Amino acid sequence: MMEFQSSTMRVFTVDDTPDDRALVRREVEALFPGCQVIEAGSRNEFEAGLAEDSFDLVVTDLELKWGNGREVLERSRTEWPNCPVVMFTDSGDETTAVELMKAGLDDYVVKSARQLPRLRVSLRLAVENARTRTALTERERQLAAALEHEQTIVRELHHRVKNNLQTISSLLQFRAMISGGEVARELEEVAGRMHALSAVQARIYETGALDRVDFAAALGDMAQEMAKIHADRGLKLRCEFEGSLELDVARAMPLSLLCYEAILNALKHAWPRERAGELTVTLRADVKPHRIVIRDDGQGFEKGEVARGMGSRLMARLGKEAGVELFTVSALGKGTSVELLLP
């Protein structure tokens, strides 16, 4: 049972009969010793009470010579939204009680000596329930503030991760420029992988939830950037996307690396001697399972060469981590197609 600090409680009783107001005062003071009781027996006293600070409980009659309990309920709710209102009256009926309860009344007690025990229970429960509601509202406010703070931190973390990935990628590319040879090629590939992850991070802000990403947009960004590097040899990139694909970040990261490896392998091996060609990236999110196909019109490979040249172990590992099924089809002179199925 909730403990009350009765000395700080303020109760507003509204009744035009002095004896009934005295009865309510006696019950309230017995229930909440030391509480402050403000009485209103007239319109002026009622208006004066409304102008005071908030109350912890309002007890009112239904029929008043200068108004009615419905007005008391409405105006009390307007002035003090969290204050409970109990009606203690010898007027009205069950229909009236139901209507008032729907309008926000906490309880409806019939005036009579036999109903005084029920009045005490009603008053105590009304105050307990109101304080519970207030505590829950405050807790919800605190949780909402904590969630907003957490989202701000997560958003800032994503932003910093994106910036750090871009910085590392730039440093690797710079190192590749001054290294030359096989080392430069390896550094550029590592930088490219960093860029693939950065493309996912950059798209996180555009989704409503910070743990999900528009993967179709991230894949398009990555393919366009990789194609630009080889644009001088006449490479054409075609992106064919149907439907939107939103993934959780934990799945999007390995999938982006897998797509990067497939595109990189096409750029490295499909067209020898700087021959021009066409690379097609297809995403079908409008069918199930969703599928991504990375296809080139290059020289292709024999079956045994595909397993070695496409970095099958790395791609298989990334496919398992991303939860996709991976199929590679290639034939000499007919290009290579890498198909990813997302169950």
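The values are calculated or read from the model by the stated rules, or taken from the named source; none is laboratory data. Remember, predicted model here, so these are calculated numbers, not experimental data. Cβ placement follows ideal geometry from the backbone for every residue including glycine, while neighbour counts extend to all protein chains displayed.
Key figures
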read-out: Subset of region 84-134 (residues that are modelled with pLDDT of 90 or more, crowded, with 18+ Cβ neighbours inside 10 Å, hydrophobic (A, V, I, L, M, F, W, C) and under 42 Å from the mean Cα position of the chain (by Cα)); value: V85, V86, M87, L100, L105, L123, A126, V127
read-out: Residue check for A51: free of Cβ contacts under 8 Å to residues at least 12 places away in the same chain, closer than 26 Å to T134 by Cα, touching a Leu at 6+ places or on another chain (Cβ under 9 Å) and surrounded by fewer than 19 Cβ atoms within 10 Å (Cβ to Cβ); value: no
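Quick grid of which residues meet (1) more than 16 Å from M87 (Cβ to Cβ); (2) in contact with a strand residue (DSSP E or B) (Cβ under 8 Å, 6 or more places away or on another chain); (3) in a strand (DSSP E or B); (4) β-branched (V, I, T):
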residue	(1), (2), (3), (4)
R26	yes, no, no, no
G34	yes, no, no, no
I38	yes, yes, yes, yes
N44	yes, no, no, no
A48	yes, yes, no, no
F55	no, yes, no, no
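Residues checked against (1) in a helix (DSSP H, G or I); (2) modelled with pLDDT under 90:
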residue	(1), (2)
Q299	no, yes
G304	yes, yes
R308	yes, yes
R313	yes, yes
R317	yes, yes
V338	no, no
